[in-house]
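Report on the structure given below.
Just so it is clear, none of the values below were taken in a lab; they were calculated from the coordinates. Because the structure is predicted, anything quoted here is derived from the model rather than measured. Here the Cβ is made from the backbone with ideal geometry for all residues, glycine too, and neighbour counts use every protein chain on show.
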Amino acid sequence: MMKRSLIALALCLPAIGAGAAEYEVDFGYDSKYISQGRDNLEQGGIYWASGAAGFDNGIVLSAAYGYAADSDVDYDELNLGIEYGFELGDFAFYGSYTRLEFFKDDEADNELGAGVAYGGLSWFEPFIDYVYSTESEGSFVEIGIQREFALNERLALTPYVIAGLDYGYANPDHDGENHLAVGATLGYQLTEQLGLTLIAEHTEAHRQMAKDEGIETDQTWAGIHLTMAF
């Protein structure tokens, strides 16, 4: 399945014809699969294999395949995406489309996304991400701040805080506050092309939402990813 995602990425490349491209491949493991304040797996973590190609015209093609690490959990997903980004002054904007395939569940979804980040502040970078799902006919918004600290030439720490708002995306009966996530990534440049990233995050779901759905309020997870750029 890893080959399928990378082949799908490669097949898209000739259609762009945008000149020079930058490529990135990532292999990683997350101890839990947390999104929208919820654990998507009954137990255990998830393995990821992903690839992306960025072009001079602002287009990025991406593919990611995730597979449940626990042999007792039957779950996988494939994400194929295209994104266009551009900068306007201190603002960075993007729009995206992602096709999601859940092979073991025989389900699929289409997501439209957009976002903006402001880089004009010296002490942190605020950002907003929006996604709409055609399957749930709902949307999800994340509002956050982050800042990168260069500890030395090879090591960088990026803490972040994100507040999530659900409008029928994760729960069709919920509109409003969803969760708060606090985390950090620690990136170490092993070589010019090879990097190692450690991730740690704590998520606190909105108490009423967690009570209504019968899920845990607090979730903590960690991840490790090896990235190759060329």
Of L88, S139, Y29, farthest towards positive along the dipole that unit charges on Lys, Arg, Asp, Glu beta carbons give the stretch 2-229: L88
Hz values of 3J(HN,Hα) by residue in the stretch 43-50 - Karplus curve (6.51, -1.76, 1.60), Gly and Pro given as x: 6, x, x, 9, 8, 10, 10, 9
Projected label distance in nm at I143 and Y84, using a 7 Å step from Cα toward the beta-carbon: 2.8
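Taking 8 Å as the Cα distance limit and 6 or more residues as the minimum spacing, I'd like the relative contact order of the stretch 131-230 as a percentage.
Relative contact order, the stretch 131-230: 20 percent.
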The chain: most fluctuating residue of V73, V25, V161 per GNM, C-alpha cutoff 10 Å: V73
Footprinting exposure proxy for F230, F124 (fewest neighbouring C-beta atoms within 10 Å first): F230, F124
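So for D72, D105, D166, fewest C-beta neighbours within 10 Å to most, what's the order?
On the way: D72 8, D105 11, D166 25.
Neighbour counts put them in this order, fewest first: D72, D105, D166.
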Most mobile of G144, G176, G113 in a GNM of the chain (Cα contacts under 10 Å): G176
Helix-derived mean residue ellipticity, 222 nm - over the chain, DSSP H n ≥ 4, -39500 (n - 2.57), to 500: -2000 deg cm²/dmol
Additional length obtainable on full extension of the chain from D212 to F102, 0.36 nm per residue less Cα span: 37.0 nm
L198 paired with D74, simple spin-label distance in nm, labels 7 Å along Cα-to-beta-carbon: 3.7
Square roots of five times the Cα gyration tensor eigenvalues for the chain, Å: 26, 22, 20
Cα-centre dipole for the chain with unit charges at Cβ (Lys and Arg positive, Asp and Glu negative), debye to 20: 700
The stretch 31-52 and the stretch 55-113: distance between their alpha carbon centers, rounded to Å: 14
Largest-first principal axis extents, alpha carbons of the stretch 50-120, Å: 50, 19, 19
Potential lengthening between L226 and L155 on full extension [0.36 nm per residue; Cα-Cα distance subtracted]: 24.1 nm
Gaussian network model of the chain, Cα within-10 Å springs - most flexible of G164, G66, G89: G89
